[in-house]
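Comments concern the structure below.
The values are calculated or read from the model by the stated rules, or taken from the named source; none is laboratory data. Not measured: the values here are computed from a predicted model. For neighbour counting, all protein chains shown are included, and Cβ atoms are generated from backbone atoms with ideal geometry for every residue, glycine included.
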């Protein structure tokens, strides 16, 4: 089947239903190929990938090492079910992940995407409390945060808190104990940046004191709530969460789907505060942004609670057709190899510092309310009134206007409402980072001129 460019554009607008996109207003941009940190459309126009194709590309596009890993596996076997079978490549990936993960995470359950990885963690926590050495079947609830985002399946939406995404489905969701986002920008009047961490941890401790007998787990995005608008938590908050969940005997589920694999400057965001969770969810960058694959890592204590005879009914009855797919596992292993071969993490500090310099300058714009950064993840919040923090109306699409302008300068970005997101591949060069930030800065001037 062959098609003209005009036909492809029309079919993309009328046949493909795009995610998080109002199709009545959608304007197609078809990317035909890519190289390094650059996307190339059907007309040959090039765009720097300023958001890693939705936060997943790590080492750049068409990386020869990653391409070869998929080709090599394809010549062996493309798929092997995990229901009663296995594959050497998948086994090797599981072992490698346990060697790199925070201490205690010794077992790996593979899934197909980040939402599924969170679903797995929620169900594991729920079942654990029924099968652990001292069962507590009353621990059935979860504690999560306002504006959290953990995916779009019903369980992950239940522990999510982005109202604009999820209010439509509220009647389908299970009840969650919810705390305010530990936001360092819009602080309560009596709270200062110096007291914010203690303030938010006191809220958590109060909730745990009241509800720990009912709580299976606390679910959190470590250090930064990405889809909420790149909201950064106070330094020390994650460490405090880990200490409190241990004290009150509540499991900790850490969602590293967006933050994992170097985004924050370390392989996993948990490492910054030495917070080893009971369950950790991975996705996005696991395969370097090449193929859909995710994983939930669990401690041995959780694993042991599921062991027993077939008749005992302790099995974890959950799975996906493509769980542990060898093609995904092969490129994931290669992604981890490239971290070592190209010294990806060791090369990040100058890039992080350059991004910090740009953000400091951009922060001076009169309609920039806040700039937030963790490693190579950044959000620039646009506001109508800087003094009062009054936001622009969502419908004005100020963030989109910035991104539309950046596209004219050969930079592709996607905002979160009034927050302009910068999250390039870790392979980005300093010159490319300069181009992205300059385009964003000019876009902000353009988008806030009226």
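So here's what we get for this one:
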item	result
Residue in the range 169-203 that is surrounded by the fewest Cβ atoms within 10 Å (Cβ to Cβ), counting only those that are in contact with a strand residue (DSSP E or B) (Cβ under 9 Å, 6 or more places away or on another chain) and more than 20 Å from residue 374 (Cβ to Cβ)	175
From the options 346, 363, 378, 393, residue that is touching a strand residue (DSSP E or B) at 6+ places or on another chain (Cβ under 9 Å), surrounded by fewer than 19 Cβ atoms within 10 Å (Cβ to Cβ) and closer than 28 Å to residue 272 by Cα	363
Subset of the range 269-291 (residues that are in contact with a strand residue (DSSP E or B) (Cβ under 9 Å, 6 or more places away or on another chain) and surrounded by fewer than 24 Cβ atoms within 10 Å (Cβ to Cβ))	272, 275, 276
Checklist (1) assigned to a loop (DSSP other than H, G, I, E, B); (2) surrounded by 21 or more Cβ atoms within 10 Å (Cβ to Cβ); (3) out of contact with any helix residue (DSSP H, G or I) (no Cβ under 6 Å at 6 or more places or on another chain); (4) modelled with pLDDT of 95 or more applied to residue 139, failing item	(3)
Of the criteria (1) loosely packed, with under 13 Cβ neighbours inside 10 Å; (2) out of contact with any helix residue (DSSP H, G or I) (no Cβ under 7 Å at 6 or more places or on another chain), which one residue 74 fails	(2)
Residues satisfying the stated conditions in the range 30-59, i.e. more than 21 Å from the chain's Cα centre (by Cα) and farther than 16 Å from residue 439 by Cβ	30, 31, 32, 33, 34, 35, 36, 40, 41, 42, 43, 44
Tally of residues being closer than 25 Å to residue 121 by Cβ and assigned to a loop (DSSP other than H, G, I, E, B) across the range 158-213	14
Segments classed as strands (runs of 3 or more DSSP E), wholly inside the range 2-54, with at least 3 members that are surrounded by 15 or more Cβ atoms within 10 Å (Cβ to Cβ)	38-41, 46-49
Candidates 45, 71 - the one that is at pLDDT 95 or above and farther than 25 Å from residue 338 by Cβ	45
Residues located in the range 401-427, provided they are more than 9 Å from residue 50 (Cβ to Cβ), within 23 Å of the chain's Cα centre (by Cα) and part of a loop (DSSP other than H, G, I, E, B)	415, 417, 418, 425, 426, 427
Residues located in the range 71-91, provided they are under 19 Å from residue 288 (Cβ atoms), more than 24 Å from the chain's Cα centre (by Cα) and part of a helix (DSSP H, G or I)	71, 72, 73, 74, 89
Test: residue in the range 349-361 that is modelled with pLDDT of 95 or more and closer than 20 Å to residue 450 by Cα	no
All strands (runs of 3 or more DSSP E) inside the range 216-312 with 3 or more residues being in the same structural domain as residue 185 (by TED's automatic domain parsing) and either out of contact with any helix residue (DSSP H, G or I) (no Cβ under 6 Å at 6 or more places or on another chain) or under 27 Å from residue 65 (Cβ atoms) (or both)	279-282, 294-299
Residue in the range 307-325 that is surrounded by 24 or more Cβ atoms within 10 Å (Cβ to Cβ) and within 27 Å of residue 217 (Cβ to Cβ) present	yes
Residue in the range 113-133 that is more than 17 Å from the chain's Cα centre (by Cα), at pLDDT 95 or above and not in a helix (DSSP H, G or I) present	yes
Options 131, 68; residue that is outside the structural domain of residue 283 (by TED's automatic domain parsing), surrounded by fewer than 20 Cβ atoms within 10 Å (Cβ to Cβ), touching a residue at least 60 places away in the same chain (Cβ under 8 Å) and out of contact with any helix residue (DSSP H, G or I) (no Cβ under 6 Å at 6 or more places or on another chain)	68
Residues (farther than 19 Å from residue 226 by Cβ and out of contact with any helix residue (DSSP H, G or I) (no Cβ under 8 Å at 6 or more places or on another chain)) located in the range 356-381	357, 360, 363, 364, 366
